[in-house]
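**Student:** First, the structure itself, so that you have it in front of you.
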Amino acid sequence: MDIQYFITFREVARCQNLTRAAIKLGYAQPTVSVQIQRLEHHFGTKLFERSSKRLKLTASGVQMLSYADQIVEGYHHALERFSTGANVNLAIGTTETLASFFLPPYFQAFRSRYPEANVVFFPTSDHEISRKIKSGELDIGIVLDMPVIDPELKAISVRNEEMIFICAKDHPLHGRQDMGMNELQNSSFILTEKGCCYRSALERSMHDKGITYQIVSEMGSLEGIKQCVLYGMGIAMIPKIAANEMLAKQQISAFSIREETLSSFYTQIIIHKNKHLSAPLRYLIELITSQAAGARG
């Protein structure tokens, strides 16, 4: 009996729907149906009661699910026990900011432990990362957002990410501290792309306070935004980790808005609540959370 049949059975039991299970498993629906039928034929019992809306486990199905959990978990543990890392494949969704300015030292440490692991990064939006984790396209997401609350996902907060306003060194707001939001009236902004969580929060806050502003440019690249600020095209709000190097070199300047006027943002690890955490994946999560906590302390 192919182990995949038990993996498929567990997913169908969770989804209570063949189509949704097929999407999460990456199979065509007929393939999932055939696997369930072969499992039922092999054990000579009916595992699901079928209706037009959903599938419901029979009494035998409930018993089989308990055995399937033990079989699949045992299989995964055996893989981890005898794996050298050569068969480890991780698909990770993250943002440009975190991929560039936060994650590199953690992945260097991960590669030292699992040098043969194949780790693929997919830079995309936080919304798309959540969607792909739910569909099974990604193993894990590392996002910068307000606290993620989703019944299908588990979110692990890593650290608070400070937002900072940057400007040219000769800008009138250069060096100001704890300003009121109203002092941004009629400012020229270089903004991140639409859909970016901190852009949305900034625009929402300015709209609520009746502040008018001009959008000079919209960019998906933080490096491009910083260069526009350097040349005096306008101001921008970006994560402080993305501005630290240019601030240290005194290439640009910064100013701050009172904290209560803006939402808080966090680097978070998100995984599917039903995701099996392999030893390499657990190690990566522990690496990021423990070292980031140590850096805060």
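**Student:** Mind listing the long-range amide H neighbours of Met146? Cut-off is under 5 Å, sequence gap 5 or more, other chains count too, H placed in the peptide plane at 1.01 Å from N.
**Tutor:** Tyr266
**Student:** Provide the gained length on full extension for the span Arg14 to His207, in nm with one decimal, where the gain is 0.36 nm per separating residue minus the Cα-Cα distance.
**Tutor:** 65.2 nm
**Student:** Mean projection of the alpha-carbon convex hull of the stretch 138-297 over all orientations, in nm²?
**Tutor:** Quarter of the Cα hull surface area: 10.7 nm².
**Student:** What percentage of the solvent-accessible surface of the chain, computed with a 1.4 Å probe over protein heavy atoms, is contributed by carbon and sulfur atoms? Display every interim value, and only then the final one.
**Tutor:** Numbers: 7700 of 15520 Å².
Here it works out to 50 percent.
**Student:** Please find the FRET efficiency linking Glu223 to Gln4, where r is the Cβ-Cβ separation and R0 is fixed at 30 Å, and quote it to the nearest 0.05.
**Tutor:** Plugging the Cβ-Cβ distance into 1/(1 + (r/R0)^6) gives 0.10.
**Student:** For Leu277, enumerate residues with amide H under 5 Å from its amide H, sequence gap 5+ or separate chain, H modeled in the peptide plane.
**Tutor:** When sequence neighbours closer than 5 places are left aside, there are no close amide H contacts.
**Student:** Please give the charge dipole size of the stretch 139-279, origin at the Cα centre, charges +1 on K and R Cβ atoms and -1 on D and E Cβ atoms. Round to the nearest 20 debye.
**Tutor:** On the way: 14 positive and 17 negative charges, 27 e Å.
The calculated dipole for the stretch 139-279 is roughly 120 debye.
**Student:** Over the stretch 180-297, with the other protein chains present, what is the accessible area per residue in square angstrom, probe 1.4 angstrom?
**Tutor:** 47
**Student:** Turning to a different aspect of this structure: Given H placed 1.01 Å from N in the peptide plane, which residues other than close sequence neighbours of Met163 have an amide H under 5 Å from its amide H?
**Tutor:** Counting only residues 5 or more places away or on other chains, the set is Lys240.
**Student:** In the chain, which whole DSSP H runs stretch at least 18 Å along their own axis (Cα) and average 0.0 or higher on the Kyte-Doolittle scale?
**Tutor:** 3-15, 279-296
**Student:** In Å², what does the accessible area per residue of the stretch 1-148 work out to with a 1.4 Å probe?
**Tutor:** 55
**Student:** To the nearest 20 Debye, how big is the dipole of the chain about its Cα centre, given +1 on the beta carbon of each Lys and Arg and -1 on that of each Asp and Glu?
**Tutor:** Around 780 debye, computed over the chain.
**Student:** Using alpha carbons only, how many angstrom separate the centre of the stretch 97-158 from the centre of the stretch 164-235?
**Tutor:** That distance is 27 Å.
**Student:** Follow-up question, since we're still on this one. Run through the DSSP bridge list for the chain and note the antiparallel percent, rounded to the nearest 5.
**Tutor:** Counting only bridges with both partners in the chain, antiparallel ones make up about 60 percent.
**Student:** So what are the chain's ellipsoid semi-axes, whole angstrom, largest first, if each one is the square root of 5 times an eigenvalue of the alpha-carbon gyration tensor?
**Tutor:** Working: eigenvalues 442, 97, 42 Å².
Its equivalent ellipsoid spans semi-axes of 47, 22, 15 Å.
**Student:** Could you name the aspartates and glutamates whose alpha carbon sits less than 19 Å from that of Lys275, not counting residues in the same chain fewer than 8 places away?
**Tutor:** Glu11, Asp69, Glu73, Glu80, Asp126, Glu128, Glu137, Asp139, Asp150, Glu152, Glu286
**Student:** Taking the stretch 1-102, which trypsin sites (Lys or Arg not before Pro) meet the DSSP loop condition and have no more than 13 other C-beta atoms within 10 Å?
**Tutor:** Here the sparse-neighbourhood loop sites are Lys46, Lys53, Arg54.
The values are calculated or read from the model by the stated rules, or taken from the named source; none is laboratory data. Quantities reported herein were computed from a predicted structural model and do not represent experimental measurements. No Cβ is skipped: glycine too gets one built from the backbone with ideal geometry, and neighbour counts run over all protein chains shown. When the accessible area is computed, the model is the full protein with side chains, heavy atoms only, and any ligands, DNA or RNA have been set aside. Shrake-Rupley method; radii C 1.70, N 1.55, O 1.52, S 1.80 Å.
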